[in-house]
Amino acid sequence: MATINVKGPVVDNDTGDFMDYFEMQNVCPKKVSDALSNLTNGEQVDVQIASDGGDVFAASEIYTMLRNAQQNNSVTANIEGLAASAASVIAMACSTINMSPSAQMMIHQASVGSMSGNADDLVQVMNSLNSTDQMIVSLYSE
């Protein structure tokens with residue numbers, strides 16, 4: 001059985017390397033790829049989730065890896081405490097989702113921290129957020 005820990009923020013690979021250096025919890029696409037690289041056909045994959053989310057694009061990469069792993073393996077999410085935001089996207093990749101009675105899943109519209117620029121820049125950001133929202137909605141409805 002392979003275990004993938006989705007603990008701490010969901011981050012890109014470079015940020016994951018930085019956080020690892022300082023021994024900070026995180027999950028990044030590279031860690032998931034490494035965990036899945038040694039799978040044998042039919043092996044169970046358990047995804048342990050306790051995360052308040054993070055980078056939706058890193059979560060999308062992880063989602064795709066887990067979906068691809070389902071071609072030959074059973075992939076189960078075990079939500080231990082919180083699967084929020086981008087972490088909930090990762091949970092949607094699993095064929096089975098188990099939640100502790102005390103666990104929660106939080107979903108929301110895509111957001112950005114701070115913005116600057118002219119009206120054209122802000123329209124571009126708005127369009128990007130709307131596109132991201134539609135992607136996430138399609139995963140949840142699937």
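Based on this model, can you work out whether Tyr140 counts as under 14 Å from Val6 (Cβ atoms) and out of contact with any strand residue (DSSP E or B) (no Cβ under 7 Å at 6 or more places or on another chain)?
No: the conditions fail for Tyr140.
If I ask for residues that are open to solvent by 40 Å² or more (accessible area, probe 1.4 Å) and assigned to a loop (DSSP other than H, G, I, E, B), which ones from region 45-74 would you list?
Of everything in region 45-74, those that are open to solvent by 40 Å² or more (accessible area, probe 1.4 Å) and assigned to a loop (DSSP other than H, G, I, E, B) turn out to be Asp52, Asp55, Gln70, Gln71, Asn72, Ser74.
Could you list, ordered by first residue, the pairs with Cβ atoms under 9 Å in which the first is in region 128-142 and without any contact (Cβ under 8 Å) to a residue 24 or more places away in the chain and the second is among the small types (Gly, Ala, Ser) and open to solvent by 70 Å² or more (accessible area, probe 1.4 Å), at least 6 apart or interchain?
Leu129/Ser111
Condition first: open to solvent by 30 Å² or more (accessible area, probe 1.4 Å), at pLDDT 95 or above and among the aromatic types (Phe, Trp, Tyr). Can you find one or more residues in region 20-28 that meet it?
yes
Consider Gln109 carefully, then state whether it is surrounded by 11 or more Cβ atoms within 10 Å (Cβ to Cβ) and either touching a residue at least 12 places away in the same chain (Cβ under 8 Å) or touching a helix residue (DSSP H, G or I) at 6+ places or on another chain (Cβ under 6 Å) (or both).
So Gln109 fails the test.
Looking at Gly113, Gly42, which one is outside any helix (DSSP H, G or I), at pLDDT below 95 and closer than 21 Å to Gly16 by Cβ?
Gly113
List pairs: first residue in region 73-85 and over 18 Å from Val56 (Cα atoms) and of a type in the set (Asp, Glu), second residue surrounded by 23 or more Cβ atoms within 10 Å (Cβ to Cβ) and modelled with pLDDT of 95 or more anywhere in the structure, Cβ distance under 7 angstrom, at least six positions apart or on different chains.
Listed by first residue and then by second, the contacts come to Glu80/Ile49.
Suppose we keep only residues that are touching a Gly at 6+ places or on another chain (Cβ under 9 Å) and more than 21 Å from Asp12 (Cβ to Cβ) within region 83-105. Which one would you say is least open to solvent (accessible area, probe 1.4 Å)?
The selected residue is Ala103.
Can you go through Asp133, Asp121 and tell me which one is open to solvent by 30 Å² or more (accessible area, probe 1.4 Å), out of contact with any strand residue (DSSP E or B) (no Cβ under 6 Å at 6 or more places or on another chain) and not hydroxyl-bearing (Ser, Thr, Tyr)?
Unique residue meeting the criteria: Asp121.
The values are calculated or read from the model by the stated rules, or taken from the named source; none is laboratory data. Predicted model, so just to flag it, every value in this text is computed and none were measured. Every residue, glycine as well, gets a Cβ built from its backbone with ideal geometry; the counts of neighbours run over all protein chains shown. The accessibility values were calculated without ligands, DNA or RNA, using every heavy atom of the protein model including side chains. Shrake-Rupley method; radii C 1.70, N 1.55, O 1.52, S 1.80 Å.
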